[in-house]
Amino acid sequence: MVGYFVGLLVLAILLLLMYAIRVLREYERAVVFFLGRFQTVKGPGLIIIIPIIQTMERVDLRTIVMDVPSQDVISRDNVSVKVNAVVYYRVINSQSAIINVEFYHEAVSQLAQTTLRSVLGKHELDEMLSERDKLNVDIQKILDEQTDAWGVKVTNVEIKHIDLDESMVRAIAQQAEAERARRAKVIHAEGEAQAALKLTEAANQLSQNPNAITLRYMQTMVDISSANNSSTIVFPLPLDLVEPLLKNRIDAK
């Protein structure tokens with residue numbers, strides 16, 4: 001009988017030692033409570049917890065990658081889209097993460113979903129597609145400010161995908177095509193304006209020297225004669241002969 005009680009006693013001591021001795025990894029911390037009141041934060045390494053009197057909660061200090069589920073967002077220009085994102089955060093204050101919020105991981109997840117909808121709802125669709133980096137920074141700052149009381153640091157937010165309806169995809173494609181056509185017309189008009197300016201400068205330059213007009217006239221004839229399959233016949237007339245005829249005709253009128 002005595003041996004039986006001794007065996008039970010030894011077993012109880014071993015169980016108490018197993019409960020009392022804890023080993024925490026380098027990235028873990030233990031928030032210790034003494035009779036229900038916060039006492040200290042221990043770890044990493046070997047720690048001892050007094051059974052019944054003390055309790056502990058483990059906290060992981062590594063960066064957590066949390067996927068934000070796809071959210072239905074209505075943009076400022078009344079376009080319905082589905083947006084999902086990823087949030088990177090880590091615990092920097094183990095005491096606040098355990099005492100100030102019940103489940104910090106769930107709290108960050110819900111806050112990220114509501115913040116994603118509220119921030120993107122203030123912007124138009126074009127801004128969502130072209131200014132994604134700016135939106136990432138805005139969401140990250142809002143989350144970081146609101147989770148500071150929980151001992152959580154939000155380090156980065158990335159919008160992964162913006163899902164558009166097929167009708168919106170076609171509308172955006174038509175808009176892009178119209179924009180390209182507009183740019184082509186503007187470039188063509190700018191080219192015509194530059195060509196007209198250069199022709200005006202050339203005409204002013206030629207008018208300063210009559211011989212230059214004659215040389216240009218002869219060069220034009222050479223260009224016409226060198227054309228393939230050309231059947232055009234050009235008879236050059238000196239301007240000195242044509243001018244008196246035109247003057248006499250004008251005087252006759």
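The values are calculated or read from the model by the stated rules, or taken from the named source; none is laboratory data. The model shown is predicted, which means the values in this text are computed figures rather than measured ones. Because the Cβ atoms are built from the backbone with ideal geometry, glycine has one as well, and the counts that use them run over all protein chains shown. Protein only, heavy atoms only, side chains kept; ligands, DNA and RNA dropped before computing areas. Shrake-Rupley method; radii C 1.70, N 1.55, O 1.52, S 1.80 Å.
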Query - DSSP-loop trypsin sites (Lys or Arg not before Pro) across segment 1-70, with at most 16 other Cβ within 10 angstrom - result: ARG25, ARG62
**Report entry** Carbon and sulfur %, accessible surface of segment 1-113 computed with the full protein complex present, 1.4 Å
**Finding:** 61 percent
Query raised in the report: Radius of gyration and Dmax for segment 1-79's Cα atoms, expressed in Å?
Result: 22.6, 84
Query raised in the report: Counting only protein chains, not ligands or nucleic acids, how are LYS141, LYS185 ordered by accessible area (probe 1.4 Å), most first?
Result: LYS185, LYS141
**Report entry** Percent accessible area from carbon and sulfur atoms, segment 116-199, protein chains only, probe 1.4 Å
**Finding:** 53 percent
Requested in this report: Sort HIS123, HIS188 by accessible area with a 1.4 Å probe, largest first.
Outcome: HIS188, HIS123
Report summary line: Averaged per residue, the 1.4 Å probe accessible area of segment 58-104, protein heavy atoms only, in Å², is roughly 55 Å²
